[in-house]
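A quick write-up on the structure given underneath.
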DNA sequence: CATCATGATGACTGACCAGTCAGTCAACTG
DNA sequence: CAGTTGACTGACTGGTCAGTCATCATGATG
């Protein structure tokens with residue numbers, strides 16, 4: 001019984017590990033190539049397993065893509081929530097959102113390429129965009145609350161959208177060749193610009 | 001001789017028309033589906049010709065995509081140049097850029113979907129992105145000049161990039177379901193926000 | 001040690017699609 | 001009107017790739 005229990009938990013652990021290896025590999029290949037050109041074989045090879053094994057853990061290429069995207073989105077939004085929630089005052093919350101997202105991008109280039117492509121028409125089968133939409137809305141709500149005090153709903157929305165778009169641009173440029181230092185500088189400039197725009201009453 | 005000349009010029013005209021029909025169809029299908037999922041057969045059907053005919057006018061699917069994208073980019077940048085060039089004063093130039101681009105988007109949804117996807121990793125074979133890059137730079141330079149007076153180069157660049165990103169976001173949301181009226185309102189809000197940010201010295 | 005169970009494999013299948021080309025036909029020519 | 005041209009067609013080819021499954025490897029069990 002003890003032996004069986006030990007064996008079981010070991011199996012569970014191996015299973016979880018495999019899943020994670022495959023997810024990691026998927027994120028990399030999807031991030032580099034995009035959904036369509038990415039081959040399941042390539043993902044399998046990168047994860048160090050055979051193609052059939054991928055299909056033991058995920059029922060289809062789309063499901064794999066979905067899992068990789070959702071997991072990253074979940075983590076990103078969680079971190080943003082924490083960071084923004086901990087900050088005091090409008091300006092600090094704004095800074096927290098932007099710096100946290102840029103920092104997250106720094107450690108997750110592959111995922112952010114997926115994130116970026118997932119919002120485009122045609123890059124990805126349509127229903128896979130639903131996940132993205134949900135997390136997009138979550139971010140906007142977070143921002144509306146963070147920036148909304150003393151503003152009506154419409155103004156809060158505009159501010160939220162502006163912060164979202166400018167941060168997205170920052171990250172996209174980082175993914176497309178800007179250095180980390182340049183991005184850091186750009187980020188400060190954007191924050192300053194936003195502060196001016198949002199504080200001016 | 002006169003008969004031959006007439007026949008020739010007629011043929012030329014038909015050829016030009018065909019090319020344009022195909023380009024139009026390509027823009028639509030590429031815009032709806034994205035590069036990879038779009039089928040040449042579907043483009044041909046939509047243009048009212050057989051697949052082989054498409055290959056009489058364009059040597060490959062990629063070449064067709066490239067032609068469709070470049071033509072649209074050329075026209076867009078030309079209009080932006082005209083509008084911004086005609087405006088007097090920083091604020092008017094800012095307004096000209098944003099309203100012209102949003103108005104252009106209104107009449108060219110298909111093209112703008114391509115435009116938007118072309119900037120993503122993986123959506124499109126890599127070397128096709130080169131065209132996009134060139135026109136992206138052209139727009140930034142235009143904006144830097146338009147907004148640059150009384151600003152150093154770095155500040156002008158930041159301002160240009162911010163306007164570019166916010167306008168892009170506006171258009172993307174329009175393509176993804178916002179109504180024309182909502183977009184109009186959003187545009188005014190963004191312009192106000194930008195004016196505050198850029199005029200505050 | 002033989003048996004069984006379960007995870008892993010990779011050769012294979014079927015669908016799809018870019019690109020080709022032998023053949024058709026409408027319009028022009030002499 | 002017979003002959004010629006070349007734009008157009010669409011069935012076909014070759015290659016790719018998601019997803020399957022017969023087979024194997026491992027290691028637990030009695």
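Ranked from shortest, the separations from the 7 Å Cα-to-Cβ label point of residue B:91 to its equivalents in the other copies are 2.5 nm. Over segment B:102-162, the pair-distance histogram of Cα-Cα distances with 10 Å bins from zero comes to 21, 37, 33, 9, 0 percent, rounded to whole numbers. Using a Gaussian network model of chain B whose springs link C-alpha atoms within less than 10 Å, name the residue from B:109, B:28, B:127 with the highest mean-square fluctuation. Looking only at B:109, B:28, B:127, the largest GNM fluctuation is found for B:127. Here the Debye sum runs over all C-alpha atoms of segment B:144-184 as equal scatterers in vacuum, and log10 of I(q)/I(0) at q = 0.15, 0.27, 0.28, 0.35 Å⁻¹ comes out as -0.46, -0.79, -0.82, -1.08.
Under the definition of partner shielding as Cβ atoms of other protein chains within 10 Å of a residue Cβ, what is the mean value for peptide B:166-174? Before the final figure, lay out each step's value.
Numbers: counts 5, 1, 4, 7, 3, 0, 5, 2, 0.
For this peptide, the per-residue mean of nearby foreign Cβ atoms is 3.
Taken as Cα centroids, segment B:169-201 and segment A:61-131 sit 23 Å apart, rounded to the nearest whole angstrom. Judged by the gyration tensor of its Cα atoms, with axes a ≥ b ≥ c, segment B:115-201 is oblate; a/c meets the 1.5 cut and b/c is at least as large as a/b.
Dividing the mean sequence gap of close Cα pairs (under 8 Å, 6+ apart) by how many residues chain B holds gives a relative contact order of 20 percent. Measuring nothing but how far apart in sequence close Cα pairs (under 8 Å, 6+ apart) lie, relative to its length, segment A:18-76 scores a relative contact order of 40 percent.
Could you work out the relative contact order of segment A:41-112, using alpha carbon pairs under 8 angstrom and six or more residues apart, expressed as a whole percent? Relative contact order of segment A:41-112: 20 percent.
Each other copy holds its own label point for residue B:125; taking that point as 7 Å from Cα along Cα to Cβ, the gaps run 2.5 nm, nearest first.
Work out the mean other chain Cβ neighbour count within 10 Å for the residues of A:35-44 and drop it here as an integer.
Values: counts 5, 6, 6, 1, 0, 0, 0, 0, 0, 0.
Neighbouring Cβ atoms belonging to other protein chains average 2 per residue here.
Mean projected area of the convex hull spanned by the Cα atoms of chain A, taken over all viewing directions: 14.3 nm². Normalising the Debye intensity of segment B:64-114 to I(0), with uniform scatterers on Cα atoms only, and taking log10 at q = 0.23 Å⁻¹ returns -0.80. Here the calculated FRET efficiency for residue A:17 and residue A:188, from their Cβ-Cβ distance with R0 = 45 Å, stands at 0.65, rounded to the nearest 0.05.
Quickly rank B:84-93, A:163-172, B:170-179 as a protection proxy: mean count of other C-beta atoms within 10 Å, highest first. Please list the in-between numbers first.
Details: B:84-93: 14.6, A:163-172: 21.8, B:170-179: 16.9.
Descending packing order for the listed peptides: A:163-172, B:170-179, B:84-93.
For peptide A:114-121, the mean count of partner chain Cβ atoms within 10 Å of a residue's Cβ comes to 6.
In nanometres and ascending order, the distances from the residue B:177 label point to those of the other copies are 3.5 (point 7 Å from Cα along Cα→Cβ).
Counted residue by residue at 0.36 nm each, then reduced by the alpha carbon distance between them, the extension gain from residue B:53 to residue B:127 reaches 24.1 nm.
Which whole-number percent of Cα pairs in the protein assembly as shown have a distance greater than 39 Å? Please list the in-between numbers first.
Working: 20902 of 80601 pairs.
Tail of P(r) above 39 Å: 26 percent of Cα pairs.
Where a number appears in this text, it was derived from the coordinates with a stated rule and is not lab data. Note that the structure is a prediction, hence the values are computed from the model and not measured. Cβ atoms come from the backbone with ideal geometry, glycine included; neighbour counts cover every protein chain shown.
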